[in-house]
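A.B. asks: Mind having a look at this structure? Questions to follow.
The values are calculated or read from the model by the stated rules, or taken from the named source; none is laboratory data. The structure displayed is predicted, hence computed values, not measured ones. So basically every Cβ, Gly included, is an ideal-geometry build from the backbone, and we count neighbours across all protein chains shown.
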Amino acid sequence: MSVTPIRRRLSPEESRDAALEAARGLLVEIGPQAVTLKAVAARVGRTHANLLHHFGSAEGLQKALVERMARVVTTTIRDAVLRARASDDHNPLEVVDLAFDAFDGGGAGALASWMILSGNEDALDPILSAIHDLVDELAAEAPGDHPIADETLQLVLMALGDALFGAPLSRALGLPRERARVLAREMLLGGR
């Protein structure tokens, strides 16, 4: 006689959080094409209908994932910038590493590109809004002629490009894999 395990009833917030964690895991492990309602439901032991209830569609799930990732990444980068500003040496290099890690290992680059290529560009609004709000906040806390928006544009484009094309391009050019990250650090330090 087989025993069917009893699933613990999750609150709506817990169910949504579990689904978003599963979606992020699929994104990092397999890629953005794996972030489907069916795959996420299977991973968290819920039904497709349950996820439809929480997110409305696969695009809704992806948008919620983007919102969460944007919030986590911008909060982490904000804290790093404030730590760098508070230190004596004012070394901003942690910010470069956080941006590159978020777009590459964190899957933000692949997800953003997937959404753009699949015609779901509006789903990127949470990322763009989070970056805009962070730049405004940091610029207000450090007034002057410091070009935070320019640095942010350069850093995000470099991190996104590196996440999508950095490995094969650096191999083709005979450069170390970390070269784009090093160039981004030099760019950021050179602007100071």
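Here is a yes/no grid of residues against (1) surrounded by fewer than 14 Cβ atoms within 10 Å (Cβ to Cβ); (2) over 16 Å from the mean Cα position of the chain (by Cα); (3) among the hydrophobic types (A, V, I, L, M, F, W, C); (4) in a loop (DSSP other than H, G, I, E, B):
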site: Leu98; (1), (2), (3), (4): no, no, yes, no
site: Gly106; (1), (2), (3), (4): no, no, no, yes
site: Leu124; (1), (2), (3), (4): no, no, yes, no
site: Ile127; (1), (2), (3), (4): no, no, yes, no
site: Thr152; (1), (2), (3), (4): no, no, no, no
site: Ala159; (1), (2), (3), (4): no, no, yes, no
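A.B. asks: Check Ala41 against each of (1) at pLDDT 90 or above; (2) not in a helix (DSSP H, G or I) and name the one condition it does not meet.
C.D. replies: Against the list (1) at pLDDT 90 or above; (2) not in a helix (DSSP H, G or I), Ala41 comes up short only on (2).
A.B. asks: Return the only residue of Asp101, Asp89 being at pLDDT below 80 and in the same structural domain as Ala180 (by TED's automatic domain parsing).
C.D. replies: Asp89
A.B. asks: Would you point out which residue out of Ala167, Ala108, Ala163 is in contact with a helix residue (DSSP H, G or I) (Cβ under 6 Å, 6 or more places away or on another chain), at pLDDT 90 or above and hydrophobic (A, V, I, L, M, F, W, C)?
C.D. replies: Residue meeting the stated conditions: Ala163.
A.B. asks: Go through (1) surrounded by 16 or more Cβ atoms within 10 Å (Cβ to Cβ); (2) out of contact with any helix residue (DSSP H, G or I) (no Cβ under 9 Å at 6 or more places or on another chain) one by one and return the number of the condition Ala140 breaks.
C.D. replies: Among (1) surrounded by 16 or more Cβ atoms within 10 Å (Cβ to Cβ); (2) out of contact with any helix residue (DSSP H, G or I) (no Cβ under 9 Å at 6 or more places or on another chain), the lone unmet condition for Ala140 is (1).
A.B. asks: Just to check your reading of the model, which residue among Arg83, Arg177, Arg171, Arg181 is among the basic types (Lys, Arg), over 29 Å from Arg16 (Cα atoms) and assigned to a loop (DSSP other than H, G, I, E, B)?
C.D. replies: Arg177
A.B. asks: So if I check each of Ala112, Ala23, Ala84, which one is within 30 Å of Leu153 (Cβ to Cβ), of a type in the set (A, V, I, L, M) and under 11 Å from the mean Cα position of the chain (by Cα)?
C.D. replies: Residue meeting the stated conditions: Ala112.
A.B. asks: Let me ask something else. Return the residues of segment 170-182 that are surrounded by 15 or more Cβ atoms within 10 Å (Cβ to Cβ) and either closer than 15 Å to Pro92 by Cα or modelled with pLDDT under 90 (or both); say none if nothing qualifies.
C.D. replies: Arg181
A.B. asks: Would segment 44-65 turn up any residue that is outside the structural domain of Leu155 (by TED's automatic domain parsing), of a type in the set (Val, Ile, Thr), touching an Asp or Glu at 6+ places or on another chain (Cβ under 9 Å) and modelled with pLDDT of 85 or more?
C.D. replies: Yes, segment 44-65 has at least one match.
A.B. asks: Given the criteria free of Cβ contacts under 8 Å to residues at least 12 places away in the same chain, at positive phi, of a type outside the set (S, T, N, Q) and exposed (fewer than 15 other Cβ atoms within 10 Å of the Cβ), does Gly31 qualify?
C.D. replies: No: the conditions fail for Gly31.
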